[in-house]
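Participant: First, the structure itself, so that you have it in front of you.
Please treat every number below as a calculation from the coordinates, not as lab data. From a predicted model like this one, the values you see are computed outputs, not experimental measurements. Neighbour counts are summed over all protein chains in view; Cβ atoms, including those assigned to glycine, are modelled from backbone coordinates with ideal geometry.
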Amino acid sequence: MKKLSAFMILVIVGVTLLIVKGGPIVDQLNPFIKEDIYYAVVDSDGEYEAKSNGFGRWNYKFKGYDESGKEQKIMMTSSKHLRIGAHLKIKSKGTYGMKWEEIQGDEIPAKAKEKVTIKHV
């Protein structure tokens, strides 16, 4: 009985840590996190991750802002290198960036536009 209780406590602690600290992979799979649209600007080159098959992915981290100006950290990958200064509309589920498209700066809602800036070029 003591072993079962200890195991159950360990499982509960593990699941709680995954939910709280899990990051984009957990956000992608978590059915309680809703999808939302965020706006961001590309302010760094990202990190290129080469694959053994010759193809690679670019990893990016953004601070995105929704229509009301609420901030969300977003991590996403792209097969394409993104241009510094490009304005993005990102469909995100928590910190997991699902889809993106490049947009013009005037397409960003006013409250998000106030906060979307380029840190450095």
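Participant: Could you give me the ³J(HN,Hα) list for region 86-99, computed from phi with Karplus coefficients 6.51, -1.76, 1.60 and θ = phi - 60°, whole Hz, x at Gly and Pro?
Facilitator: 6, 8, 10, 10, 10, 8, 10, 10, x, 8, 8, x, 8, 9
Participant: If r is the Cβ-Cβ distance from N30 to K111 and R0 is 30 Å, what FRET efficiency results, to the nearest 0.05?
Facilitator: With a Förster radius of 30 Å, E is 0.70.
Participant: Quick one: which residues, 5 or more positions from G56 or on another chain, have an amide H under 5 Å from its amide H? H modelled 1.01 Å from N in the peptide plane, none for Pro or chain starts.
Facilitator: K51
Participant: I'd like the Karplus ³J(HN,Hα) series for region 107-117: coefficients 6.51, -1.76, 1.60, θ = phi - 60°, whole numbers in Hz, and an x wherever there's a Gly or Pro.
Facilitator: Here the 3J(HN,Hα) series is 8, 7, x, 3, 5, 6, 4, 4, 9, 7, 9 Hz.
Participant: To continue, here is another question. Placing unit charges on C-beta atoms (Lys and Arg positive, Asp and Glu negative, everything else neutral), compute the dipole magnitude of the chain about its Cα centre in debye, rounded to 20. Display every interim value, and only then the final one.
Facilitator: Values: 20 positive and 15 negative charges, 113 e Å.
The calculation lands at about 540 debye.
Participant: Shifting gears a bit: Pick from V11, V42, V26: which residue has the top mean-square fluctuation in a GNM of the chain where Cα pairs under 10 Å get a spring?
Facilitator: Checking each option, the largest mean-square fluctuation is seen for V11.
Participant: How large is the helix-only mean residue ellipticity at 222 nm for the chain, computed as the sum of -39500 (n - 2.57) over DSSP H runs with n ≥ 4, divided by its residue count, in deg cm²/dmol to the nearest 500?
Facilitator: Details: 3 runs with 30 residues, N = 121.
Rounded to the nearest 500, it is -7500 deg cm²/dmol.
Participant: For the chain, modelled as a GNM with alpha-carbon contacts under 10 angstrom, which of K34, K51, K80 fluctuates the most?
Facilitator: Taking springs between Cα atoms under 10 Å, the residue moving most is K51.
Participant: Please list, ordered by chain and number, the residues whose modelled amide H lies under 5 Å from the amide H of E67; skip anything fewer than 5 residues away on the same chain.
Facilitator: none
Participant: Which one, Q28, Y48, I90, projects farthest toward the positive side of the charge dipole computed for the chain from Cβ point charges (K/R +1, D/E -1)?
Facilitator: Q28
Participant: The list (i) 10.2; (ii) 8.1; (iii) 7.4 gives values of mean projected area of the Cα convex hull in nm², and only one came from this structure; which label was calculated from it?
Facilitator: (i)
Participant: If we sort 107-113, 91-97 on the protection proxy, mean other Cβ atoms within 10 Å, highest first, what's the order?
Facilitator: 91-97, 107-113
Participant: What is the angle, in °, between the Cα long axis of helix 2-21 and the longest principal axis of the Cα atoms in the chain? Nearest 10 is fine, range 0 to 90.
Facilitator: In the chain, helix 2-21 runs at an angle near 10 degrees to the longest axis.
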